[in-house]
Amino acid sequence: MFMYDCLLPFVSSLILIICVLVGVAFLTLLERKVLGYIQIRKGPNKVGFAGIPQPFCDAIKLFTKEQTYPVLSNYLPYYFSPVFSLFLALLVWMIMPYLTGLYSFNLGLLFFLCCTSLGVYTVMIAGWSSNSNYALLGGLRAVAQTISYEVSLALILLSFVFLIGGFCLVDFIKFQEYTWFLLMTFPLALSWFASCLAETNRTPFDFAEGESELVSGFNVEYSSGGFALIFLAEYASILFMSMLFCVIFLGSDVYNFVFFFKLTFLSFMFIWARGTLPRFRYDKLMYLAWKSFLPLSLNYLFLFIGFKLFLMSILF
């Protein structure tokens, strides 16, 4: 029995991670196809049927290339930061709300905030250890941006913690059985989506990877396997943020086909934003975080606290 209890979570986690990685592979294909059609051209269409096996070919190519590293780099941090980045991006998936109780995280939202906070360090170390001015600038930008938007993310989550009275993601599914939170907190949902774009370094907030001024940003010195791991971590985070948006605002049961449709649509919105919007100016990015999203999330937080206190005064 003890062996069964140990083996079940291990096997389930392994299946979950493999499914996430396959999802990431096809998300990259979707992105290349969608961006292709937005720019009035074809995406990948040579490999296999309609270019479907293209992501796997790219993965084989990247991981079989020779691993190079700058002579002046700090080798160990440089080598391990992409590995740790992917590890964190996959670890955070463990809070996915399985009703079978695979990992019954009563403090799932706190675990998510801890993992995203640690994700800042991997970008910072990757930028610093490369010993390149461009990489260091990209790393510094990413750190400032991520820390700024984490504040609004945490406050939005705190609003819902007060509203539902718990940190567990399964509670969100139960509370949204009849109506979505999206309908009564629409401005908060827009703020959350924009903060997710900033957290995952996506257009229009991709200052960490500003090609026009920083060549490629914090990952400029990475090639082959290291670059592939950073790439996988970024897209795993996009999928995770889409899943979290579905659970928090769109009240989806994980065992429902509609949940995966919503998740795919939200991932498509990340790509849509990339194909449509130009990059922000850096001062506007900070202004948006501190002067727009922070007051909005604080107002909602106080609204929900007042709402709970009012209910408690009526009931008791």
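The values are calculated or read from the model by the stated rules, or taken from the named source; none is laboratory data. Source: prediction; values computed, not measured. No Cβ is skipped: glycine too gets one built from the backbone with ideal geometry, and neighbour counts run over all protein chains shown.
Condition check ((1) closer than 30 Å to Ser130 by Cα; (2) out of contact with any strand residue (DSSP E or B) (no Cβ under 8 Å at 6 or more places or on another chain); (3) modelled with pLDDT of 80 or more; (4) assigned to a helix (DSSP H, G or I)) across all residues:
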position: Arg41; (1), (2), (3), (4): no, yes, yes, no
position: Gly51; (1), (2), (3), (4): no, yes, yes, no
position: Pro55; (1), (2), (3), (4): yes, yes, yes, yes
position: Asp58; (1), (2), (3), (4): yes, yes, yes, yes
position: Phe63; (1), (2), (3), (4): yes, yes, yes, yes
position: Pro70; (1), (2), (3), (4): yes, yes, no, no
position: Leu88; (1), (2), (3), (4): yes, yes, yes, yes
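Residue-wise test of (1) in contact (Cβ under 8 Å) with a residue 24 or more places away in the chain; (2) out of contact with any Ser or Thr (no Cβ under 7 Å at 6 or more places or on another chain); (3) not charged (D, E, K, R).
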residue: Thr28; (1), (2), (3): yes, yes, yes
residue: Lys42; (1), (2), (3): no, yes, no
residue: Gly51; (1), (2), (3): no, yes, yes
residue: Ala59; (1), (2), (3): yes, yes, yes
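Scan region 251-267 for residues that are surrounded by 18 or more Cβ atoms within 10 Å (Cβ to Cβ), within 10 Å of Ile173 (Cβ to Cβ) and in contact (Cβ under 8 Å) with a residue 60 or more places away in the chain and report the count.
Residues in region 251-267 being surrounded by 18 or more Cβ atoms within 10 Å (Cβ to Cβ), within 10 Å of Ile173 (Cβ to Cβ) and in contact (Cβ under 8 Å) with a residue 60 or more places away in the chain: 3 in total.
Okay, residues lined up against (1) in a helix (DSSP H, G or I); (2) under 20 Å from Ser237 (Cα atoms):
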position	(1), (2)
Ser13	yes, yes
Ile18	yes, yes
Gly23	yes, yes
Val34	yes, yes
Tyr37	yes, no
Val47	no, no
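Considering only residues that are under 22 Å from Ala233 (Cβ atoms) and not in a helix (DSSP H, G or I), look in region 72-83 and name the one that is modelled with the lowest pLDDT.
Ser73
For region 1-38, give me each residue that is surrounded by 10 or more Cβ atoms within 10 Å (Cβ to Cβ), more than 20 Å from the chain's Cα centre (by Cα) and of a type outside the set (A, V, I, L, M, F, W, C).
Pro9, Ser12, Lys33, Gly36, Tyr37
Could you say which residue among Ile125, Ile156, Ile147 is crowded, with 18+ Cβ neighbours inside 10 Å, of a type in the set (A, V, I, L, M), touching a Ser or Thr at 6+ places or on another chain (Cβ under 9 Å) and under 30 Å from Asn74 (Cβ atoms)?
Ile125
How many residues does region 183-208 hold that are over 12 Å from the mean Cα position of the chain (by Cα), surrounded by 20 or more Cβ atoms within 10 Å (Cβ to Cβ) and at pLDDT below 90?
So the answer is 5.
When you look at Lys46, is it farther than 28 Å from Gly119 by Cβ and exposed (fewer than 15 other Cβ atoms within 10 Å of the Cβ), yes or no?
Yes: the conditions hold for Lys46.
If Gly225 satisfies all but one of (1) farther than 23 Å from Gly23 by Cα; (2) surrounded by fewer than 22 Cβ atoms within 10 Å (Cβ to Cβ); (3) over 20 Å from the mean Cα position of the chain (by Cα), what's the number of the condition it fails?
(1)
Could you list, in sequence order, the residues of region 168-196 that are under 20 Å from Leu110 (Cα atoms) and either aliphatic (A, V, I, L, M) or without any contact (Cβ under 8 Å) to a residue 24 or more places away in the chain (or both)?
Matches in region 168-196: Leu169, Val170, Asp171, Ile173, Lys174, Leu188, Ala189.
Kindly evaluate Val161 against the criterion of being under 17 Å from Leu250 (Cα atoms), in contact with a Ser or Thr (Cβ under 9 Å, 6 or more places away or on another chain), of a type outside the set (Lys, Arg) and surrounded by fewer than 22 Cβ atoms within 10 Å (Cβ to Cβ).
no
Please specify each residue of region 268-283 satisfying the condition of being surrounded by 14 or more Cβ atoms within 10 Å (Cβ to Cβ), of a type outside the set (Val, Ile, Thr) and assigned to a helix (DSSP H, G or I). Even if it seems obvious, please write down each step before you answer.
As a first pass, look at region 268-283 and keep what is surrounded by 14 or more Cβ atoms within 10 Å (Cβ to Cβ): 268-275, 279-280, 282.
Now narrow it down to the ones that are of a type outside the set (Val, Ile, Thr): 268-270, 272-275, 279-280, 282.
Matches in region 268-283: Phe268, Met269, Phe270, Trp272, Ala273, Arg274, Gly275, Tyr282.
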